[in-house]
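*Asks:* One structure coming up, written as structure tokens, with questions to follow.
The values are calculated or read from the model by the stated rules, or taken from the named source; none is laboratory data. A quick note: this is a predicted structure, and the numbers were derived from the prediction, not measured. All Cβ positions, even for glycine, are placed from backbone atoms using ideal geometry, and neighbour counts span all protein chains on display. Only protein heavy atoms, including side chains, enter the accessible area calculation; ligands, DNA and RNA are left aside. Shrake-Rupley method; radii C 1.70, N 1.55, O 1.52, S 1.80 Å.
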Amino acid sequence: MPAHSILQISDLHLKQHPGETMLGIDTEYYFHRVLDYAFEATPKIDLILVTGDLTQDPCLGNYQRIEQVLQSYGLPCICLPGNHDDDALMQVTLNMGQVSCNKQTFLGNWQIIALNSRIPGKPGGRLEKKELQFLEDCLRAYPDRYTLIAVHHHCQTIASPWLDAMMIENAEEFLDLLHCYPMVRAVTCGHIHQVMDKRIGSIRVFSAPSTCFQFEPKSQEFSVMDTAPGYRMIQLHQDGGLKTDVFRLPEALSGLQLKADPY
């Protein structure tokens, strides 16, 4: 049986109006560019997964524009919030047709659990008690399903102090819970604007690059690079196997301006 194919994009950072820039970058242009490139390169995609920071300045308009673009592909799409997002606006604008904020989705004998790590008004992440309870309820209810967990903030340090200060505060509690359920195969995230791929015991932990600017790996403080935007493809196999790769646009960012930390 063929694998289920997931396109993960993250950290779009759309501004309120089309054409507005962030750090000199037209983030909305690159959102479109990355999606176009991904679908040209991969003819079979079963699901789009958007792991947070869809906007930089959340408003009805930019969420509606995102929804229209995602809807146009005619595929199921799951959106979860990041620290720059507005949960209430996402629930209003990103819950129609094929686009949703569903927290549990089934693909064959897999389940995808989307968690909210956002702390309102703060850049860092935390999984509140209700999120952890929801997670455990899903794992208990479907013990025979392989599981991929998606969340915005990272749960493992990446040797970048300014970003690690924003990781999930209760990451140890989160990972301890996951290790109790052997069908959990992987955790994927956004937020760090760079590629991470690690193993914590039997669980693979990885991230997607941003669809706009990238942060410099192992940087001590805020630092961006003109590395090309990209996306992650995830293949979920019937036997519980998981394969994943990161792909980038063939060109580097154009117009990047090294300014102060936008967080």
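*Asks:* Tell me, which residue of region 217-242 that is within 20 Å of D164 (Cβ to Cβ) and in contact (Cβ under 8 Å) with a residue 40 or more places away in the chain is most open to solvent (accessible area, probe 1.4 Å)?
*Replies:* K218
*Asks:* Could you pull out every one of the helices (runs of 4 or more DSSP H) wholly within region 48-148 that has 1 or more residues that are touching a helix residue (DSSP H, G or I) at 6+ places or on another chain (Cβ under 8 Å) and within 26 Å of A3 (Cα to Cα)?
*Replies:* Values: elements: 60-71, 87-93, 129-141.
In region 48-148, 60-71, 129-141 are the helices (runs of 4 or more DSSP H) which contain 1 or more residues that are touching a helix residue (DSSP H, G or I) at 6+ places or on another chain (Cβ under 8 Å) and within 26 Å of A3 (Cα to Cα).
*Asks:* Another question about this same structure. Any residue at all in region 165-180 that's modelled with pLDDT of 95 or more, open to solvent by 10 Å² or more (accessible area, probe 1.4 Å) and touching a Phe, Trp or Tyr at 6+ places or on another chain (Cβ under 7 Å)?
*Replies:* No, region 165-180 has no match at all.
*Asks:* Have a look at N95, N116 and point out the one that is within 27 Å of K15 (Cα to Cα), without any contact (Cβ under 8 Å) to a residue 40 or more places away in the chain and surrounded by fewer than 16 Cβ atoms within 10 Å (Cβ to Cβ).
*Replies:* Step by step, each of N95, N116 is checked, and only N95 is within 27 Å of K15 (Cα to Cα), without any contact (Cβ under 8 Å) to a residue 40 or more places away in the chain and surrounded by fewer than 16 Cβ atoms within 10 Å (Cβ to Cβ).
*Asks:* Can you run down the residue pairs with Cβ atoms below 8 Å, 6 or more apart or on separate chains, where the first is in region 187-208 and free of Cβ contacts under 8 Å to residues at least 40 places away in the same chain and the partner is open to solvent by 50 Å² or more (accessible area, probe 1.4 Å) and assigned to a loop (DSSP other than H, G, I, E, B)?
*Replies:* Every condition considered, the pairs that remain are Q194/E216; Q194/P217; G201/H179; S202/H179; S202/P182; I203/H179; F206/V195.
*Asks:* May I ask you to list the residues in region 157-192 that are within 22 Å of K129 (Cβ to Cβ), within 15 Å of the chain's Cα centre (by Cα) and in a loop (DSSP other than H, G, I, E, B)?
*Replies:* If the condition is that a residue be within 22 Å of K129 (Cβ to Cβ), within 15 Å of the chain's Cα centre (by Cα) and in a loop (DSSP other than H, G, I, E, B), then M167, H191 are the ones that fit.
*Asks:* Continuing with the same structure: Only residues that are surrounded by fewer than 19 Cβ atoms within 10 Å (Cβ to Cβ) and either closer than 18 Å to Q194 by Cβ or of a type outside the set (S, T, Y) (or both): list them for region 27-52, please.
*Replies:* Hits for region 27-52 are H32, R33, D36, F39, E40, A41, P43, K44, I45, D46.
*Asks:* So which residues in region 1-24 are open to solvent by less than 10 Å² (accessible area, probe 1.4 Å) and of a type in the set (G, A, S), if there are any at all?
*Replies:* Correct list: S5, S10.
*Asks:* Given the condition under 22 Å from A3 (Cβ atoms), part of a loop (DSSP other than H, G, I, E, B) and of a type in the set (S, T, N, Q), answer yes or no: does some residue in region 248-261 qualify?
*Replies:* Checked against the condition, which is being under 22 Å from A3 (Cβ atoms), part of a loop (DSSP other than H, G, I, E, B) and of a type in the set (S, T, N, Q), region 248-261 yields no hits at all.
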